[in-house]
Every structure is written in C-alpha cells, then in structure tokens.
Amino acid sequence: MYDDTIAAIATSLGNSGINIIRISGKKSLEIAQKIFIGKKGIKLKKLKQRYLHYGHIIDPENNKVIDEVLLTYMKKPYTYTKEDVVEINCHGGVISSKKILELILNNECRLAERGEFTKRAFLNGRIDLIQAEAVMDIISSKSNKSHEISVNQLEGRLSKEIIKIINEIMGLIANVEVNIDFPEYDEDQVTIEQIKKTSIKIIDKIDNLIRTSETGKIYREGIKTVILGKPNVGKSSLMNFLLNENRAIVTEVPGTTRDTIEEYANIDGIPLRIIDTAGIRETNDKVEKIGVEKALDKLRDSDLIIMVFDASKELEEEDIKIIEYIGNKKSIYLKNKTDLEELLDLSDYPKIEESIIDISIKNNEGLDKIVSKIKDMFMSGVINVENDLIINNMRHKNLLINSRNSLDEVLKSINNHMPVEFLEIDLKNCMENLGEIVGKSVSDDLVDKIFNEFCIGK
C-alpha cells in the first residue's frame with residue numbers, strides 16, 4: 001500500500017451537469033472532514049459509508065461555501081484502489097472543480113499521476129495487468145465490439161486462461177525439479193513424455209489466442225484506411241460519405257485537399273481510421289507537394305487502401321503511378337462518377353477491372369458494396385466476441401509468441417534427446433513471459449509506461 005494520499009478530477013473539465021473529484025489514500029476521510037459539512041451541519045464522521053451525502057464544500061480558513069455537493073466515503077479494502085476513497089460530486093464546470101481540488105491538495109495530499117488510481121488497484125492486488133489495460137481500452141473503445149472485448153478482459157476471462165496455462169507450466173517445472181533432485185523417485189522417460197504431451201497441448205491453446213490478435217487489433221485500433229487517387233476524383237466526397245458528415249472540403253478545383261485528414265468511423269460495427277489524402281500528381285506548388293509526400297507516407301503504413309478512379313476520364317499517368325505505389329497491399333478499387341459517360345479503360349489491369357466497384361457518390365449508388373468488401377477482406381471467419389477469448393493488445397501478442405517459441409525449444413530439446421535439466425530453462429522462460437502478461441513478473445519501467453497512457457483521474 002502507498003503511504004501518501006492522492007486526488008484528481010476524474011471527469012472531463014468543461015460545461016457538464018456533474019464533475020467528480022476522487023481522493024484515495026489513508027488521509028482521504030481526514031481531508032474530507034476538514035472541507036465538508038453535511039445537511040444541518042452534520043460532520044462527515046457521523047455519516048454512513050457507501051451512501052451519497054448532501055452537503056457543502058467549505059474553505060476552512062474563512063468558512064466560505066465553495067459548492068453544493070454529494071459526497072461518498074468508501075472504506076478500504078472494498079474500493080477501486082483497495083485504499084480509503086472519497087468521491088465528491090460537484091456541479092460541472094472548470095472553476096468549482098478546480099477550487100475543490102485546490103482545497104484538497106492543501107491538506108497533505110498530492111495530485112495523482114496519469115492512471116495512478118488504476119495503478120494502485122493493480123499494485124494493491126485488486127486487478128491484474130490485463131484488467132488494468134482493459135480499463136483504458138474501455139475508455140478509448142471505437143465500437144461496440146471493441147467495448148465488449150475490453151469488458152470481458154476487465155472481468156478477468158483472459159487473465160484466468162493465462163493463469164491456467166501458467167499453472168500447467170509450473171506443474172511441468174515441478175516434475176522436472178523432482179526428477180533432478182530425487183531421481184530415485186522419478187523416471188526420465190515418464191517426465192519427458194508428460195512434458196511433451198502437455199507442451200503440445202499448451203502450444204495449441206496459445207496459437208488459438210494468437211490467431212485472434214489480428215481481429216482484436218482491428219476492433220481496438222480500427223483499420224487504418226487510406227483513400228488515394230489523383231486530384232478531383234471524389235476522395236473527399238467518399239470520406240464525407242463514410243463519416244456521414246461534411247468533414248472534408250469538396251470543390252471542383254483540383255488540389256483542394258493539401259494535407260491528410262484523419263477521422264474515425266464506425267461502419268456497420270467495423271471501426272475504420274480513415275485518412276483522406278492530397279491528390280497524387282506532379283505539381284510545382286510547394287504546399288501541395290508536401291501533401292502528396294504525406295499521402296505516400298500514409299500509404300506505406302496503411303492496413304487498407306481505397307483507390308478512386310474517375311470513370312468519366314481515360315486512364316492517366318497519375319492513375320498508373322498510384323497503382324504502382326499500391327503494389328500488393330490490401331486494396332479496394334472504386335470507379336466513381338459512373339453517372340457520367342464512361343471513358344475509363346482498365347483492360348491492361350485485368351485484376352483491378354475484375355474486382356473494381358462501380359459507384360456514384362453524387363447519386364449515392366454502390367457505396368454499400370464498399371462495406372461488404374471490407375467485411376470480406378477483414379472479417380471473414382470472424383470471432384465471436386461474446387464467447388471467444390480475444391487478444392487485442394500487441395504487448396500480449398508478443399509475449400504469447402515468446403512463450404510459444406520457448407515451448408518450441410522444449411520440444412526440439414526432447415526430439416534431440418537432451419537431458420531433462422535442459423528443458424527447465426525454456427519452461428521457466430515460457431512461464432516468465434506468460435507472467436508478464438498478467439503482471440506477475442513485470443519491471444517498474446513497463447508498469448510506468450503502461451499507466452502513463454491513462455488520463456489523470458483514472
């Protein structure tokens with residue numbers, strides 16, 4: 001447990017109905033008693049814990065009322081941080097919240113660091129590291145399914161599976177150590193066969209988890225989707241359609257979009273991180289040239305490219321260059337302006353011609369086919385969010401891969417008839433990697449890095 005007491009505003013500052021100031025630590029109640037007076041002047045120490053109590057926050061120096069509030073006191077260990085916690089519900093807005101926080105910080109209390117309430121919950125054993133990371137994932141969810149995945153992890157479903165695998169590895173290590181320390185009570189062959197059988201079974205479990213990571217990453221981060229095309233083919237209009245709002249400026253003037261525009265969209269449950277780019281063409285305009293270079297940088301880092309052709313114009317050198325830039329990356333090709341006379345000829349590119357989608361953004365035609373195509377490309381054989389365990393965190397995926405590699409080394413050692421002592425090293429490496437996922441073996445630097453991604457107040 002920490003010795004000091006922390007406080008922070010737990011809600012976004014701005015105009016709102018209510019703001020919440022949270023205090024956690026051994027002096028929480030003592031601080032609250034100094035600044036809170038309940039209805040009819042009742043002091044906090046006479047009020048029940050875990051009840052909302054009406055009263056006022058006052059400045060002890062001059063007895064001036066700061067705000068009318070509702071206050072809750074929760075006694076350890078049955079709190080979010082497993083410490084004494086006080087939460088003050090005051091009126092929304094910047095001034096009231098900051099004045100109350102300032103009073104609290106003047107009474108042997110410091111401002112909480114980023115994610116420190118959740119960090120204390122982890123270090124005090126209330127939640128493990130997977131659950132702590134799930135808290136932030138819930139806050140930053142981009143779709144209902146990413147929210148469901150994070151809620152499942154917060155409830156501990158993934159943690160239980162990882163701990164179950166760790167216990168199986170520990171059982172194998174125990175068998176190895178018995179074999180080494182008391183050879184008269186064990187047989188090498190029996191131990192090795194058991195290790196081989198269990199390792200194969202665990203590898204299968206780990207592989208099943210790793211297989212979910214790509215879909216999990218999509219739900220967590222969104223599909224990084226770059227819209228490409230030469231100027232004035234309808235890229236910005238397409239982005240506005242996908243976002244269902246006029247986010248990008250649309251004009252008849254080629255080169256209107258000079259910088260990348262990035263927004264999130266939730267399309268039929270699929271989160272897209274859509275990036276509209278400057279039209280790719282040779283230009284002497286310095287600003288537009290920078291926009292073209294940025295577009296090419298985004299292309300290289302994309303999960304999906306949507307290339308837009310102008311059906312009313314013949315294939316031009318700019319189109320051909322963009323096709324070459326795209327290469328073998330995952331792509332969807334669109335033929336826009338099909339409501340006009342069609343002059344575009346893609347016979348030299350039969351693969352594109354075969355899969356291209358005819359659309360007219362102006363007439364709102366064919367756009368539903370884009371969503372269907374994205375589903376086919378990224379969501380075929382989609383996992384069941386409600387029932388399947390899903391990996392949506394690259395840290396977890398990398399540690400699972402490391403764990404699997406260690407078990408592969410165990411099997412190689414067995415196949416090469418190595419002594420049982422050699423197996424213990426790789427089994428322990430596997431267990432340490434799995435333990436790092438849930439936080440059983442994790443460095444202080446990594447813990448700090450994870451919680452620094454949180455907001456202050458959480």
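The values are calculated or read from the model by the stated rules, or taken from the named source; none is laboratory data. Remember, predicted model here, so these are calculated numbers, not experimental data. Positions of Cβ are generated from backbone atoms using ideal geometry, with glycine treated the same way; all protein chains shown enter the neighbour counts.
Applying the condition of being of a type in the set (D, E, K, R) and assigned to a helix (DSSP H, G or I) to the range 119-152 and asking which residue is farthest from Leu389 (Cα to Cα) yields Arg120. Looking across the range 87-110, just one residue is in contact with a strand residue (DSSP E or B) (Cβ under 8 Å, 6 or more places away or on another chain) and free of Cβ contacts under 8 Å to residues at least 60 places away in the same chain, and that is Lys99.
Within the range 206-242, restricting attention to residues that are assigned to a loop (DSSP other than H, G, I, E, B) and under 20 Å from His396 (Cα atoms), the residue that is modelled with the highest pLDDT is Thr212.
When Ser355, Ser372 are screened for being over 32 Å from the mean Cα position of the chain (by Cα), surrounded by fewer than 19 Cβ atoms within 10 Å (Cβ to Cβ) and of a type in the set (Ser, Thr, Tyr), only Ser355 passes. For Asp376, the conditions (1) more than 30 Å from Lys205 (Cβ to Cβ); (2) in a helix (DSSP H, G or I); (3) without any contact (Cβ under 8 Å) to a residue 40 or more places away in the chain all hold with the exception of (1). Filter the range 93-119 down to residues that are buried (at least 21 other Cβ atoms within 10 Å of the Cβ) and β-branched (Val, Ile, Thr) and give me whichever is farthest from Lys27 (Cα to Cα). The residue in question is Thr118. Residues considered: Ile203, Ile275. Of these, the only one that is of a type outside the set (Lys, Arg), modelled with pLDDT of 80 or more and farther than 25 Å from Lys330 by Cβ is Ile203. Residues considered: Asn398, Asn402, Asn392. Of these, the only one that is out of contact with any strand residue (DSSP E or B) (no Cβ under 7 Å at 6 or more places or on another chain), under 27 Å from Ser199 (Cβ atoms) and without any contact (Cβ under 8 Å) to a residue 12 or more places away in the chain is Asn398. Among the conditions (1) at pLDDT 90 or above; (2) surrounded by fewer than 16 Cβ atoms within 10 Å (Cβ to Cβ); (3) of a type outside the set (A, V, I, L, M), the only one that Glu155 does not satisfy is (1).
Of the residues Leu52, Leu71, the single one that is surrounded by fewer than 19 Cβ atoms within 10 Å (Cβ to Cβ) and more than 30 Å from Leu158 (Cβ to Cβ) is Leu52. Per the conditions (1) assigned by TED's automatic domain parsing to the domain that holds Ile206; (2) crowded, with 16+ Cβ neighbours inside 10 Å; (3) not aliphatic (A, V, I, L, M), the sole criterion not satisfied by Asn144 is (2). The single condition among (1) at pLDDT below 90; (2) assigned to a helix (DSSP H, G or I); (3) not small (Gly, Ala, Ser) that Asn167 does not satisfy is (1).
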